[in-house]
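This is the structure I want to talk about, given as structure tokens.
The values are calculated or read from the model by the stated rules, or taken from the named source; none is laboratory data. No experiment lies behind these values; they were computed from the predicted model shown. Surface accessibility is based on the protein's heavy atoms, side chains included, excluding ligands, DNA and RNA. Shrake-Rupley method; radii C 1.70, N 1.55, O 1.52, S 1.80 Å.
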Amino acid sequence: MSGKLEEVQHASRGKTEELERTLQRVSSRVPPPPGVPDELLVQDESLISRITGPAADSYRSGLQQLREGDFQGARGTFSGFVEANPNTAFTDNAYFWLGVVYEKLGEPDRAVGAYSEAFNRFPAEDRVGPALLRLAELFLNMGSKKDAALTLQKLVDEHGNSESGVKGRALLAEINKKAPAPAPGKKR
């Protein structure tokens, strides 16, 4: 009887794990709220799905909260993640997502700080380009074309061949095209 019970428990455990994987795949197909970059979210969900442990579980939870539009929860989760894991391969990503969260919560100054942490502390990591692009767009939305142009120039100079760099180059050209011509006799 004991052997049969263990066999049933083992089969049940396998089916539970299979169901959890299926639910994770289905929930990742739910589109995130507007303003949350789906392609980057899917990339991070895929990368973190291969890692186990408390830090990975925390990061995965933050991504799920983002996908569900729970920005308050995601803020707490990602803030806790960067505090507990200041130098992991996902710390720059967490700062990027914090920037997105702060934007969605209507806290642009904090978003600027989070995006800045991503590229200042982790200049060679994968979320630096997207952080610089989002930061430039945020500056434009705040009415600061000069800061946006400087940020885009940094993006183009340092990450010009990335997808974000290509988008940044186009946005920089658009800003420069709209810039007023200098008055005669004055230097720009």
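Got a number for carbon plus sulfur as a percent of segment 38-188's accessible area, 1.4 Å probe? Before the final figure, lay out each step's value.
Details: 4100 of 7860 Å².
Carbon and sulfur: 52 percent of the exposed surface of segment 38-188.
Using a 1.4 angstrom probe with every protein chain in place, what is the largest-first accessible-area order of 60, 67? If you can, show how the numbers build up before the last one.
Working: 60 55, 67 10 Å².
Final ranking, largest accessible area leading: 60, 67.
Also, I was wondering about something else. Hey, can you grab everything whose amide H is under 5 Å from the amide H of residue 125? Only 5+ residues off in sequence or another chain; H modelled, so Pro and N-termini drop out.
Distant-sequence amide H within range of residue 125: zero hits.
Something else about it: Taking 0.36 nm per intervening residue step and subtracting the Cα-Cα distance, what contour gain separates residue 153 from residue 7 on full extension? Mind dumping the intermediate values first?
On the way: separation 146, 0.36 × 146 = 52.56 nm, distance 6.23 nm.
Length gained between residue 153 and residue 7: 46.3 nm.
Got a sec to turn the phi values of segment 163-173 into Karplus ³J(HN,Hα) couplings, 6.51 cos²θ - 1.76 cosθ + 1.60 with θ = phi - 60°, whole Hz, x for Gly and Pro?
Rounded to whole hertz, the list is 4, 5, x, 5, 5, x, 4, 5, 5, 5, 4.
Please work out the average accessible area per residue across segment 26-158, using the 1.4 Å probe convention, and give it in Å². All intermediate terms of the calculation are to be shown ahead of the outcome.
Values: 6170 Å² over 133 residues.
Accessible area per residue, segment 26-158: 46 Å².
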